[in-house]
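J.: Mind looking over this structure? Questions follow.
Values quoted throughout were computed directly from the atomic coordinates according to the rules given, and no laboratory measurement underlies them. All values derive from a computational prediction rather than experimental measurement. For neighbour counting, all protein chains shown are included, and Cβ atoms are generated from backbone atoms with ideal geometry for every residue, glycine included.
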Amino acid sequence: MEKKNINGYIIAYLAIAILFLLIKPWIFSSNWVTSHDFHSLLEIVQTFIAIGVGVISIMYFLVWHNLFYLLIGLGFSTAAGNDLIHGILSYVPLLADVNVDLSRFMPATYVLGKCCLASIIIAAPLLENLKPDIKKKGIKPAVIFSVSVFIASGSLTALAFFISLPQFIYPEKLISRPVDFFSAILFAIAFGLVFKRFLAKRDIFSGLILTSIMFNCGGQIYVSFSKQLFDSLFNLL
């Protein structure tokens, strides 16, 4: 990739950052309140997007036998499993007869997927240079790892039914959802590591992952100021 193309990517990322700044006043002044129906729909849509990215990443892994692609695939598989379970279970009528505190259940299951995705993306460039004997084992390890992560993330979300969850939203605080702000920090770290890889490899795949990271980071910064369930900040995904 030529230097001018790298500059083009950098300009594009700066444009995304500027976009977040431009829409900030409108988002923060909005009093629009959504419903569980709309939130569930958003989560289901996110599931299919994450599955698509995960499948593409695994396909790259099977071609190049590079752990970076496998871990990225696992990260988005985790996000897909979590978003699917979260989207289904956040549909309030399904929980009508279940003693679940939605004010804790929904933020917990939502931020779990974000933190897992950011953490795995951080691990991907750090572990990329490991050279496991993948070629002899073929597709089986990738399938087993992906399915295992998908099931594990969904199970952790479902576990929120049975354990006492801490408080996640503090309306009186400036940063009312500190765990979500923490996830934004994780995405910022992930962006730095993947951007370093992008400068070294100059590959389109890293550029696309950077775009995803930036949108996740910006969205989580907004969500960290969310004061209630289903407000405009919480549904800015």
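J.: For the chain, what size does the Cα cloud have along each of its three principal axes, sorted from largest down, in whole Å?
T.: For the chain, the Cα extents along the three principal axes come out at 51, 41, 25 Å.
J.: Treat the count of other C-beta atoms within 10 Å as a stand-in for reagent exposure and order HIS86, HIS39 from fewest to most.
T.: HIS39, HIS86
J.: Count the lysine pairs in the chain whose Cα atoms sit under 25 Å apart, keeping only pairs 8 or more residues apart in sequence or on different chains.
T.: Pairs that pass both the separation and distance tests number 15.
J.: So, one more: Determine, from the Cβ-Cβ distance of SER103 and VAL55 and an R0 of 35 Å, the FRET efficiency 1/(1 + (r/R0)^6), rounded to the nearest 0.05.
T.: Calculated transfer efficiency: 0.50.
J.: Helix 67-89 versus the longest principal axis of the chain: what is the Cα-based angle in degrees, 0 to 90, to the nearest 10?
T.: 20 degrees
J.: Let me ask you something else. Neighbour counts of other C-beta atoms within 10 Å: give me VAL45, VAL194 arranged from fewest to most.
T.: Going from least to most buried by this count: VAL45, VAL194.
J.: Another question, then. Gap in Å between the Cα centre of region 147-226 and the Cα centre of region 53-85?
T.: If we compute the Cα centre of each part, the gap is 16 Å.
J.: Could you order the peptides 158-169, 105-116 from most to least packed, using the average number of other C-beta atoms within 10 Å per residue?
T.: Those peptides, ordered most packed to least, come out 105-116, 158-169.
J.: Return the sequence-ordered ³J(HN,Hα) values of region 207-216 in whole Hz as given by the Karplus equation 6.51 cos²θ - 1.76 cosθ + 1.60 applied to θ = phi - 60°, using x for Gly and Pro.
T.: Values, residue by residue: x, 5, 5, 4, 4, 4, 4, 5, 5, 5 Hz.
J.: Note down the relative contact order for the chain as a percent, whole number, built from C-alpha pairs under 8 angstrom at least six residues apart.
T.: RCO, the chain: 26 percent.
J.: With springs only between Cα atoms under 10 Å apart, run a GNM on the chain and tell me which of ALA152, ALA50, ALA12 wobbles the most.
T.: ALA12
J.: Just want the answer: with Cβ charges of +1 for Lys and Arg and -1 for Asp and Glu, which residue in PHE225, ILE204, PHE20 is farthest toward the dipole's positive end in the chain?
T.: Value computed over the given set: ILE204.
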